[in-house]
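**Student:** The structure that follows is given in the form of structure tokens.
What follows draws every value from the coordinates through simple rules; no lab data is involved. What you are looking at is a predicted structure, and each value in this text was computed from that prediction instead of being measured. Don't worry about glycine lacking a Cβ; one is built from the backbone with ideal geometry, like all the others, and counts go over all protein chains shown.
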Amino acid sequence: MDIVIITGLSGSGKTSAANFFEDMGYFVIDNLPPQLSSEIFRVLTEREDSEDSSGRSKIALVMDMRNPYLIEKLVPALADMKEKDLDVSLLYLESSERELISRYKQSRRDHPLSAGRSLIEAIRLERELMRSIREMATEIIDTSGLSLSDLRDSLFRLFMDITESTARITIFLQSFGFKYGIPADCDNVVDVRFLPNPFYIDELRDLCGLDQPVIDYLDQMPETDEFIKLQKDFYDFTLPLYIREGKARLHIGIGCTGGRHRSVRLVERMATLFPEELSRVVIDHRDIERDIKEYGNPALL
């Protein structure tokens, strides 16, 4: 079991860090009281030991000054984890006083220790109270001058297991039919209706883009290969930039008229374009069966 405890100063970026840990496949629990951590680990350990377990559990727990017993309970909780030989990393996030003040003014939220104190007093008190926990940290990140993408890169370098997939972005490739509407959440929409439509060939009409005769028909066209080449050039350029900007999911819609022939085949071919070390590809053929379901025999269309 891989355990990361995310803590540090309020306003230093713990919420953003938790989101990035989710991108890395961690199960994240926010604002967990330290005294409940042992029970969480017991449940997850039992799951790992069961026959149904699919692999090593990865959990990230956000613990901070929203819990008034943090200082009192976290140290014994860490000692208990050590006694159980659990692999625990303590990530401590901090930032400069000036940066924290700026962030709180922008968010217009109260500091957890602000009751009866000014914002500056609350920040300084928290820094002092958290000093002992900071000294126990295995990793410390000062987020003062970091963008979100910088923070993401730092966390990926520190906590992504090099023995597993290092995919940085999920590519959701979806074929669709324009006559049924463009998927509402597409980031990029590509129209492949420039290719000849297999629907108008009798022996191909009842088939789909997963069937070999349709594959052979579309792949023998030079414009199909040229299209794939242009898409590869485009995403070789843009994918690292999407990742740099912190994008975790890219939805690419490939559309033809009915979403059954051309778009299906082009999605299958495009799925091979993205480097495994950067991306995880998910394929969905939204409308591949829609004509059949709505009209029965597609030959009647």
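**Student:** Go through segment 192-301 and name the chymotrypsin sites (Phe, Trp or Tyr not before Pro) that are in a DSSP coil and have 14 or fewer other Cβ atoms within 10 Å of their Cβ.
**Tutor:** Phe194
**Student:** Would you be so kind as to identify all helices of the chain, as entire DSSP H runs, whose Cα atoms reach 30 Å or more along the helix's own axis and whose mean Kyte-Doolittle hydropathy is at least -1.0?
**Tutor:** Length and hydropathy pass: 222-244.
**Student:** Report the equivalent ellipsoid semi-axes for the chain in whole Å, largest first, defined as the square roots of five times the eigenvalues of the gyration tensor built from alpha carbon atoms.
**Tutor:** Values: eigenvalues 500, 96, 56 Å².
Semi-axes, largest first: 50, 22, 17 Å.
**Student:** So, one more: Find how many whole Å separate the alpha carbon centroid of segment 108-165 from the alpha carbon centroid of segment 174-227.
**Tutor:** Taking the Cα centre of segment 108-165 as reference, the centre of segment 174-227 is 49 Å away.
**Student:** Length gain on complete extension for the stretch Asn19 to Ser102, per 0.36 nm per residue less the alpha carbon to alpha carbon distance?
**Tutor:** Result: 27.7 nm gained on full extension.
**Student:** Tell me the volume per residue, in Å³, of the convex hull enclosing the alpha carbons of segment 85-188.
**Tutor:** On the way: hull volume 21.2 nm³, N = 104.
Residue-normalised Cα hull volume stands at 204 Å³.
**Student:** Can you give me the Kirkwood hydrodynamic radius for segment 206-268, using every pair of distinct Cα atoms, in Å to one decimal?
**Tutor:** 13.2
**Student:** Among Cys256, Cys186, Cys208, rank each residue by its count of other Cβ atoms within 10 Å, from fewest to most, as a rough exposure measure. Before the final figure, lay out each step's value.
**Tutor:** Values: Cys256 27, Cys186 17, Cys208 22.
Going from least to most buried by this count: Cys186, Cys208, Cys256.
**Student:** Sticking with this structure for a sec: In what order do Glu126, Glu99 fall by count of nearby beta-carbon atoms within 10 Å, going from fewest to most?
**Tutor:** So the residues, fewest neighbours to most, are Glu99, Glu126.
**Student:** Tell me the Kirkwood hydrodynamic radius of segment 169-300 in angstroms, computed as one over the mean inverse distance between distinct C-alpha pairs.
**Tutor:** Final number for the Kirkwood radius of segment 169-300 is 15.2 Å.
**Student:** Continuing with the same structure: Pull out the extension gain between Lys229 and Asp211, defined as 0.36 nm times the separation in residues minus the alpha carbon to alpha carbon distance; nm, one decimal.
**Tutor:** Difference between extended and current length: 4.2 nm.
**Student:** Still on this structure, please answer the following. Just to check, using Stokes-Einstein with a Kirkwood Rh over alpha carbon pairs, what's the diffusion coefficient of segment 2-159 at 37 °C and 0.692 mPa s in µm²/s? Before the final figure, lay out the partial values.
**Tutor:** Details: Rh = 16.4 Å.
Approximately 201 µm²/s, per Stokes-Einstein.
**Student:** When N is the residue count of segment 79-124, what does its C-alpha Rg come to as a fraction of 2.2 N^0.38 Å?
**Tutor:** It is 1.69.
**Student:** May I pose another question? For each of Thr238, Thr143, count neighbouring Cβ atoms within 10 Å of the residue's Cβ, then give the residues from fewest to most.
**Tutor:** Thr238, Thr143
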